[in-house]
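Working notes, structure below.
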Amino acid sequence: MQKLEKECNTSIKDYIYRLIQSYIDRLDYSRDLNFIKNNKIGTKVSFGRYNNIINCKIGDNVIINNYCNLYGCEIGDGTKIGSFVEIQKNVKIDKKCVIQSHSFLCEGVELGLEVFISHGVMTTNDKFPKVFNENFKLEKINVGDSSSIGSNCTLRGPLLIGCNSLLGAHSLCLENIPPNEIWGGVTAKFIRTK
């Protein structure tokens, strides 16, 4: 009788263990849904779920949250990228930048050291976009060190935003911003110096 009880308890324990393990396996399965191909990835890089990361150079201590698309870009050490961000080829991001959710950095964007990009920032690299544009000219956007771009701003190249500058939320920036200045509005205008 005792032998039967031991076998019964063991089989129940095995069943519970298998049940828990199958649940854990299903949870971990979603982590495998990242598509990560042909990258140079530094140490201590953290990936969220459901990312597409192709042909990128990613530094050390980078955090990439969920649902991001990164193609052929360079991400500096210590940078944090929020969910639903797309970063296209030939984008260069220096160290310790923050790019918050729902932002789009198109080809030709360069961010300096410790740049803050708030939620929903959009960039465009073409003054006259068309589906098929034989005369396409890449218009670059450079954001200087320690600058901040507010939520839902649109940046249209060619554009140079100077170091330690701030662009207020919901602004449309079409012209260069000198260093240490605050700009805002549609279209963005000078407000004051920092």
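For the stretch 80-95, how many residues meet the condition of being assigned to a loop (DSSP other than H, G, I, E, B) and within 9 Å of the chain's Cα centre (by Cα)?
Result for the stretch 80-95: 4.
Scan (1) in a loop (DSSP other than H, G, I, E, B); (2) touching a strand residue (DSSP E or B) at 6+ places or on another chain (Cβ under 9 Å); (3) under 23 Å from residue 73 (Cα atoms); (4) open to solvent by 60 Å² or more (accessible area, probe 1.4 Å) for the single condition residue 170 breaks and write down its number.
Exception for residue 170: condition (3).
Any idea which of (1) within 18 Å of residue 159 (Cβ to Cβ); (2) not in a loop (DSSP other than H, G, I, E, B) is the one residue 70 doesn't satisfy?
Just one mismatch for residue 70, condition (1).
Go through the residues of the stretch 114-125 one by one and say whether even a single one is in a strand (DSSP E or B), modelled with pLDDT of 95 or more and open to solvent by 80 Å² or more (accessible area, probe 1.4 Å).
No: zero hits.
Name every residue in the stretch 101-111 that is in a loop (DSSP other than H, G, I, E, B) and either aromatic (Phe, Trp, Tyr) or open to solvent by less than 50 Å² (accessible area, probe 1.4 Å) (or both), in order of residue number.
From the stretch 101-111, those in a loop (DSSP other than H, G, I, E, B) are 101-103, 106-108; that's our starting set.
Matches in the stretch 101-111: 101, 103, 106, 107, 108.
Taking the stretch 126-159 on its own, how many of its residues are polar (S, T, N, Q), open to solvent by 60 Å² or more (accessible area, probe 1.4 Å) and closer than 22 Å to residue 186 by Cβ?
1
Residues 39, 66: which one is within 19 Å of residue 118 (Cα to Cα) and either modelled with pLDDT under 95 or among the aromatic types (Phe, Trp, Tyr) (or both)? Can you show your working first?
Working: 39 fails: within 19 Å of residue 118 (Cα to Cα).
After ruling out the rest, the residue left standing is 66.
A quick yes/no check of all residues on (1) touching a residue at least 24 places away in the same chain (Cβ under 8 Å); (2) in contact with a Phe, Trp or Tyr (Cβ under 8 Å, 6 or more places away or on another chain):
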| position | (1), (2) |
| --- | --- |
| 88 | no, yes |
| 96 | no, no |
| 104 | no, no |
| 125 | yes, no |
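Which is charged (D, E, K, R) and surrounded by 19 or more Cβ atoms within 10 Å (Cβ to Cβ), of 94, 77?
None of the other options fit; the residue is 94.
The values are calculated or read from the model by the stated rules, or taken from the named source; none is laboratory data. These numbers were taken from a predicted model, which means no experiment stands behind them. Please note: Cβ atoms are built from the backbone with ideal geometry, for glycine as well, and neighbour counts cover all protein chains shown. Note: areas computed on protein heavy atoms with side chains; ligands, DNA, RNA excluded. Shrake-Rupley method; radii C 1.70, N 1.55, O 1.52, S 1.80 Å.
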